[in-house]
Amino acid sequence: MKDLESVKISEGDIQKIDQDFIELPLLASRGVVVFPHMVIPLLVGRDKSVEAIEKAMIEEKRILIAAQKDETIEEPEEDDLYKVGTITEVKQLVKLPNGMIKVIVEGIQRAEIKEFLQKDEFFQVKAEVFNEEDANYDEEDYEIEALMRSVVDYFKEYVKYNRNFPSETMVSVINIEEPGRLADIIASNLELKYKKEQKLLEAFSNKERLELLMKIIKKEIEILKIENDINEKVKDQVEKTQKEYFLKEKLKVIKDELDEGDMDEIAEYREQMEEIELPEEVEEKIENEIKKLNKTPSMSPESTVIRNYLDCMLDLPWDQEKNTGIDIKEAERILEEDHYGLEDVKERIIEYLAVRKISKKKKSPILCLVGAPGVGKTSLGRSVARALERDFVRMSLGGVRDEAEIRGHRRTYIGSRPGRIINSMRDAGSKNPVFLLDEVDKISADFRGDPASALLEVLDPEQNDEFTDHYLEVPFDLSDVLFITTANVTSTIPAPLLDRMEVIELPGYTEDEKVKIADRHLVPQILQDHGLDEDQINISNNALYKIIREYTREAGVRNLEREISAIVRKISKEIVEGREKKARITKRNVDKYLGVRKFKYEVAKKENRIGVATGLAYNQAGGDILDIEVAVVPGKGEVTLTGSLGDVMQESAKAALSYIRSKHEELDLEEDFHENYDIHIHVPQGAVPKDGPSAGITMAMSIASALTNRKVRGDYAMTGEISLRGRVLPVGGIKTKILAAKRAGINKIVLPKENEESMSEIQNYLKKDLEINYVEHMDEVIDLLLMEE
């Protein structure tokens, strides 16, 4: 057999197998299902498959073919094969030069594998033979006859949509009278996935087979219809595009011959130009671009670039202005309506608007609102726009690191576009909107340029009347724009940029102000957002105080808004479930909705401790208190600083230590104590970066306490910078720090003497019940706070 290059078996009628069970070699097929009456060529290459073919050729040339469940498996096992296959007869065998064997087989009968007799060299199985029902077919069975006719009709329609079928296939199908054979012949001619073919093979009764086949053909017809529709649409679109291109080119030639260069598109651009009062330089630029567009082929990529440029230029508000007047009384009313508290800030904004109203000069300083998150910086900008009846544009600068974001890209680049300043002006639709530049302190720079430097021209009143975007290539006047910037801190704003702005600090809100804001603004808005009204939910003032004290710790009201929203969501659920119709939130049931409190009110530890002093700090989230700890242990004079301290704060610690060393006699310390002890200065919340000089006197106090083993009074908090000579120097953020002290339950504060004048700007109700001690020298702080042993 192996020496045989080609074997052809004589053709003749295939004898049906009469016996119920038969033992045959098995050939595992991949992705192919063989039906009875089907003649198909197969390529055989796997060792077991070749051995099975050889075994079949030695005996009766019959072999059982069963499909693999997963065609990717190279060496299938018993469980990898379908149980139902087809007994076939080898009609022709050819050995190919590459070692593979090509066989042509014809399907005879269905069979089900009952037992594997041989698995090593090749598969030998015992199979149950299923005799077809065609031999007993009754022509008077009208249901089968109807199914046959329906299947034939569907197959005709399938052939109509699938043009790959030869015409003689349809003729041979029509002449078949046996239902089982009809189903198998049609199934073998359909382009189906092998898993569907296997289902048809496993349908033993004629009725089941015909019904399943009809469903499959019906689905295939629908798919073919959709494919034909898609092909027709694509063909029509291609023909339409070619036709349009031909007609446009023909029209262009005709117009060139008639000396009529302006097309409808060009005329439309010129009409838009006439409707806008353009600066002379801009008008000349647009005219040149229109002429260039007129000479550029419409299908050229360059024409798209020119159109985009012209659309951008003509969409910009070169001459459109909104309300240019300023009604101070109306502005005051709107600011008061939209914001509770912040009296100093609102007064400064009104002064700013009054100057804009009186002065005929367009140039005026740029406002920079600085404050912790949630204090109302962005909403203040919106209120100013509403008060002035102007358009409002907001542009976030957080994370911007590419100069092109501000100035745009030059048109030489693919996909170039204007910068965000020009795009925002285009969106505003007027040349004098209120333009809010949000998070100006979050700008960063990289190899693509420095956006902060690009903003210098935008925010400089002396230059922004001729702001030039790289994309526009002509100046655009920004002098009528009312620019307002916002930031959390000023330390990260580049000095040249900060110099162009007038800083207005928003210090944060007191507890009473937060309650008023929640009652007037937050609660009504949250109820409206959740589809509820005030009759369904009532939140008492005591509940609001508890939420502020025990569930939030912030200068603004953003977290307060989140906590109130959480309560409203839970109540909404109870209302929907029918458990609640009207809810009242009081101090007693707040924890039912918000869980365990997150913060302890009066968090400051007021007990007197050695080596621990309480300081007041100012950060991006507002004010806070810091317990600065100092430990002294025997050693070699090393100083350790921990707690994510910045350079300035580390220098303050060293200055404080040097001052304490200079006072060793007054403090009864050994002159060489710094050589015999290691000093460790730690500021808790080590994951939070800290910097600044205002903790100088606090660190000096902690060091003095730890070295002398004397306690520091715990009911005091302090802030102030220390010099080497012990002078207490002024610091900033006093109002915010006072608010932090009051939140922590501390009523006794030590402040630098030079900050006394700034206290006059702080409202009296904030200073109420406060005991403020103003000091000029560190000796006063030690005398006041360092207790006797």
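The values are calculated or read from the model by the stated rules, or taken from the named source; none is laboratory data. These numbers were taken from a predicted model, which means no experiment stands behind them. In this analysis, Cβ positions are derived from the backbone assuming ideal geometry, glycine residues included, and neighbour counts consider all displayed protein chains. The area values use the complete protein model at the heavy-atom level, side chains included, leaving out ligands, DNA and RNA. Shrake-Rupley method; radii C 1.70, N 1.55, O 1.52, S 1.80 Å.
A few points about this structure:
- Farthest toward positive dipole pole in the range 414-534 [+1 Lys/Arg, -1 Asp/Glu at C-beta], among LEU532, MET501, SER491: LEU532
- Simple Cβ-charge dipole of the chain, Lys/Arg +1 and Asp/Glu -1, about Cα centre, in debye nearest 20: 2340 debye
- Length added when fully stretched, LYS160-GLN650, from 0.36 nm per residue minus Cα-Cα: 167.7 nm
- Ranked from largest to smallest solvent-accessible area, with a 1.4 Å probe on the protein heavy atoms, LYS329, LYS636, LYS199 come out as LYS636, LYS329, LYS199.
- Separation of alpha-carbon centers, the range 675-750 and the range 170-197, rounded to whole Å: 93 Å
- Cα-centre dipole for the range 712-789 with unit charges at Cβ (Lys and Arg positive, Asp and Glu negative), debye to 20: 460 debye
- Label-point gap, in nm, between LYS83 and SER662 - each point 7 angstrom along Cα→Cβ: 9.9 nm
- A protection proxy built from the mean count of other Cβ atoms within 10 Å ranks the segments 562-570, 403-411, 432-440, most packed first, as 432-440, 403-411, 562-570.
- At full extension, GLU462 and VAL171 could sit 95.7 nm farther apart than now, given 0.36 nm per residue minus the alpha carbon distance.
- Amide H contacts of GLN320 (H built 1.01 Å from N, under 5 Å, at least 5 apart or other chain): LYS431
- Per-peptide packing, taken as the mean over residues of other Cβ atoms within 10 Å, places 511-522, 577-588 in the sequence 511-522, 577-588 from highest down.
- The range 520-584: C-alpha gyration tensor shape, a/c 1.5 cut-off, then a/b vs b/c: prolate
- If you plug the beta carbon distance of LYS767 and ASP715 into 1/(1 + (r/R0)^6) with R0 = 22 Å, you get a FRET efficiency near 0.80.
- Taking amide hydrogens as placed 1.01 Å from N in the peptide plane, the amide H of VAL489 sits under 5 Å from that of no residue at least 5 positions away in sequence or on another chain.
- Tilt relative to the chain, helix 541-550 - C-alpha long axis, 0 to 90 degrees, to 10: 80 degrees
- Each stretch of four or more DSSP H residues adds -39500 (n - 2.57); spread over every residue of the chain, this sum gives -12500 deg cm²/dmol at 222 nm.
- Extension reserve of the SER565-VAL152 stretch, reckoned as 0.36 nm per residue once the Cα distance is removed: 142.0 nm
- Of the peptides 607-613, 192-198, the order by per-residue mean of other Cβ atoms within 10 Å, starting with the highest, comes out as 607-613, 192-198.
- GLU473 contributes about 90 Å² of solvent-accessible surface, heavy atoms of the protein only, 1.4 Å probe.
- Applying 1/(1 + (r/R0)^6) with R0 = 51 Å to the Cβ-Cβ distance of LYS243 and GLU330 gives a FRET efficiency near 0.25.
- Compared with the dominant principal axis of the Cα atoms in the chain, helix 301-315 is inclined by about 40°.
- Distance between modelled label sites at ARG307 and LYS69, nm, 7 Å Cα→Cβ extension: 5.7 nm
- Euclidean distance between Cα centres, the range 206-220 to the range 374-394, Å: 68 Å
- Note: relative contact order over the range 516-574, using C-alpha pairs below 8 Å and six or more positions apart, is 42 percent.
- Cα-based shape type of the range 364-480, given that a ≥ b ≥ c are square roots of the gyration tensor eigenvalues and the cut on a/c is 1.5: oblate
- Computed over protein heavy atoms with a 1.4 angstrom probe, the accessible surface ordering of THR698, THR378, largest first, is THR378, THR698.
- Leading residue at positive end of dipole, the range 548-670 (Cβ point charges), from ALA583, MET649, ILE564: ALA583
- Since only ILE349, TYR194, PRO461 are under comparison, the one whose Cα sits farthest along the positive direction of the charge dipole of the chain, derived from C-beta charges on Lys, Arg, Asp and Glu, is ILE349.
- Heavy atoms of ASP311: accessible area, 1.4 Å probe, square angstrom to 10: 60 Å²
- Annotation: the antiparallel percentage among DSSP beta bridges lying fully within the chain is about 60.
- Karplus-derived HN-Hα couplings along the range 57-73 (A = 6.51, B = -1.76, C = 1.60, θ = phi - 60°), whole Hz, x at Gly and Pro: 5, 5, 8, 9, 6, 10, 8, 8, 10, 10, 7, 6, 5, 10, 6, 7, 6
- Matching label, percent of Cα pairs over 45 Å apart computed from the structure shown, candidates [x] 37; [y] 68; [z] 59: [z]
- For the range 309-407: rounded, prolate or oblate by the Cα gyration tensor [a/c cutoff 1.5]: oblate
- Cleavage-rule hits, GluC sites (Glu not before Pro), the range 271-360, DSSP coil, Cβ neighbours within 10 Å at most 10: GLU277
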